[in-house]
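Inspection log for the structure reproduced underneath, given as structure tokens.
The values are calculated or read from the model by the stated rules, or taken from the named source; none is laboratory data. As the structure is a prediction and not an experimental result, all values here were calculated from the model. Every residue, glycine among them, receives a Cβ derived from its backbone with ideal geometry; neighbour counts consider all protein chains shown.
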């Protein structure tokens, strides 16, 4: 299902108080979902705004098991209460939201922080699910003058980031090699890939118009992106002494890519993306013997 919202829904959303609230609160993130819009807090679904008819749905029931969610009568009253419920859930349950919160921090830093125009990526979508699954779908639009002016020799590129938080997320059915296989299946269908790219361009431009991405009035509209799509691993809070990453890297091809922080931040910079061999040299400081033969 496409993520772009209809023109009617777009016009309605542009007038709603919830949009202004999200734009004035940098702990919140609004993502487009075709026939709905989701507001995230710390990676959790705070509320859902649906089209046809326009309705608001409260946060996921998983966050408030055994109790009623706060009523959505007044957004100003609802959001702080809903935030507190998610805060408690994160602390008490200690589940997958830690990884999703990192995704949201990446959105904040690259889309609407004071550093956003200096990074090389803008986040189009998170938690993408349709022809494949992706933690983060980003637009690589380098922060150089020729690139931002969309010179004839430059095309922005769709980039998918797979976020892995902690040691245990590296392996298993949802491990690194599994997600790389999913990506390879995604790009195998050329027709669907073209539809995907067109949808992501449309979502990017809608988010720009809604003010969900830093103001970029002097930069032109994106009409086309590069043919190929990049896939990059973003590893967070990984314990280097664990053997999980060593074992998983042995299953990955040399051409797979990783990104480094710049430094200790969430800004995404093209110069910090490296291949497997360079990643091993940097991360392990040549202290481990890992085969980097081409798969």
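In the condition set (1) in a helix (DSSP H, G or I); (2) touching a helix residue (DSSP H, G or I) at 6+ places or on another chain (Cβ under 7 Å); (3) more than 27 Å from residue 193 (Cα to Cα), residue 20 is compliant with all but (2).
In segment 111-135, what count of residues is obtained for those that are outside any loop (DSSP other than H, G, I, E, B) and under 12 Å from residue 26 (Cα atoms)?
Number of matching residues: 1.
Identification of helices (runs of 4 or more DSSP H) wholly contained in segment 185-295 with 3 or more residues that are in contact (Cβ under 8 Å) with a residue 40 or more places away in the chain yields 190-210, 244-249. Restricting attention to segment 160-180, the residues being more than 21 Å from residue 125 (Cβ to Cβ) and free of Cβ contacts under 8 Å to residues at least 40 places away in the same chain number 2. Across segment 144-174, the qualifying residues are those that are within 19 Å of the chain's Cα centre (by Cα) and surrounded by fewer than 18 Cβ atoms within 10 Å (Cβ to Cβ), and the one among them that is nearest to residue 42 (Cα to Cα) is 166. Each residue in segment 7-26 was checked for being closer than 19 Å to residue 110 by Cβ and touching a residue at least 60 places away in the same chain (Cβ under 8 Å), and 3 of them qualify. Applying the condition of being within 15 Å of residue 28 (Cβ to Cβ) and free of Cβ contacts under 8 Å to residues at least 40 places away in the same chain to segment 73-95 and asking which residue is surrounded by the fewest Cβ atoms within 10 Å (Cβ to Cβ) yields 80. Given the criteria surrounded by fewer than 20 Cβ atoms within 10 Å (Cβ to Cβ), assigned by TED's automatic domain parsing to the domain that holds residue 112, under 18 Å from the mean Cα position of the chain (by Cα) and modelled with pLDDT under 90, does residue 237 qualify? Taking the combined requirement at face value, the residue satisfies it.
Taken over segment 236-260, the residue count meeting the criterion of being touching a helix residue (DSSP H, G or I) at 6+ places or on another chain (Cβ under 9 Å) and closer than 11 Å to residue 284 by Cβ is 4.
All told, residue 76 falls short of being out of contact with any helix residue (DSSP H, G or I) (no Cβ under 8 Å at 6 or more places or on another chain), over 30 Å from residue 168 (Cα atoms), part of a helix (DSSP H, G or I) and not assigned by TED's automatic domain parsing to the domain that holds residue 200.
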